[in-house]
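Working notes, beginning with the structure itself.
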Amino acid sequence: MPLTLSDLPTPRPWGFTLLEVMVAMAISAVLATAALPSFQRAIHKARRADALVALVRVQTAQARYRANHRSYGSLTDIQLSNTSADGHYKLALEQPAATGYVVLAQATGAQAADTECRHLRLTVDGTQLLMASGSDAGTANPPQLNRSCWAR
């Protein structure tokens with residue numbers, strides 16, 4: 001039996017229809033909108049490590065400085081910059097005295113959107129080390145939120 005043209009399979013067109021592309025774009029947009037806040041929280045937490053490292057550097061430099069002087073020193077005295085290594089935080093050393101000091105790390109730039117942990121305050125008073133955090137310089141977060149701000 002001879003083959004005719006109607007016996008041959010019809011070729012299927014390649015590609016996607018406009019409707020299929022629009023549905024895929026809508027699904028992608030919904031997923032991106034749902035994932036963005038979680039992604040931003042992860043970025044803020046990762047950048048918070050920049051402040052924690054800067055605060056540890058201040059502690060180390062202060063201990064070294066105090067070993068040779070009668071009191072703790074200013075950022076200039078301990079030869080540290082007033083910004084963190086990656087530039088996400090501005091450092092301010094308050095009340096350096098013979099028995100302790102207070103250092104405040106304030107988020108700058110895009111990191112300032114980390115509202116709950118925008119300010120990190122480290123207080124060294126004699127043998128006590130106090131860590132506080134907050135949305136403003138008052139650093140009055142409740143204990144559970146404070147722990148999450150200082151977590152690595």
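The values are calculated or read from the model by the stated rules, or taken from the named source; none is laboratory data. Bear in mind that the values here come from a model prediction, so they are computed numbers and not experimental data. For neighbour counting, all protein chains shown are included, and Cβ atoms are generated from backbone atoms with ideal geometry for every residue, glycine included. Each accessible area value is taken on the protein alone, full model and side chains, heavy atoms only, with ligands, DNA and RNA left out. Shrake-Rupley method; radii C 1.70, N 1.55, O 1.52, S 1.80 Å.
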Förster-model FRET efficiency, 25 Å R0, residue 38 and residue 131, C-beta, rounded to 0.05: 0.50
Segment 131-136 - phi-based ³J(HN,Hα) in whole Hz, Karplus 6.51/-1.76/1.60, Gly and Pro as x: 10, 9, 8, x, 7, 9
Segment 1-50 - percent of accessible surface contributed by carbon and sulfur, probe 1.4 Å: 74 percent
Residue-normalised accessible area of the chain, given per residue in Å² at a 1.4 Å probe: 69 Å²
Mean ellipticity per residue at 222 nm, deg cm²/dmol - from DSSP H runs of n ≥ 4 across the chain, formula -39500 (n - 2.57): -14000 deg cm²/dmol
Degrees separating the helix 18-68 axis from the principal Cα axis of the chain, which is the longest one: 20 degrees
By average C-beta atoms within 10 angstrom, highest first, the peptides 77-87, 138-148: 77-87, 138-148
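Could you sort 107-114, 125-132 so that the peptide with the highest average Cβ count within 10 Å comes first and the rest follow in order?
Packing order, densest peptide first, comes out as 107-114, 125-132.
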Lys/Arg +1, Asp/Glu -1 at C-beta; the chain dipole; positive extreme among 58, 140, 30: 58
Segment residue 46-residue 3, length gained on full extension (0.36 nm per residue, minus Cα span): 8.7 nm
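Based on the mean of other Cβ atoms within 10 Å per residue, sort peptides 60-70, 94-104 so the most packed one is first.
Highest mean packing first, the order is 94-104, 60-70.
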Table column - 3J(HN,Hα) (Hz), segment 92-103, Karplus curve with 6.51, -1.76, 1.60, x for Gly and Pro: 9, 9, 10, 6, x, 9, 6, 9, x, 7, 10, 10
Within the accessible area of segment 85-130 (1.4 Å probe), percent carbon and sulfur: 50 percent
Net charge of Cβ neighbours under 9 Å - reference residue 89; Lys, Arg +1; Asp, Glu -1: +1
Charge context of residue 72, other residues only, Cβ under 13 angstrom, K/R +1, D/E -1: 0
Full-extension gain in nm, residue 20 to residue 86, via 0.36 nm per residue minus C-alpha separation: 19.4 nm
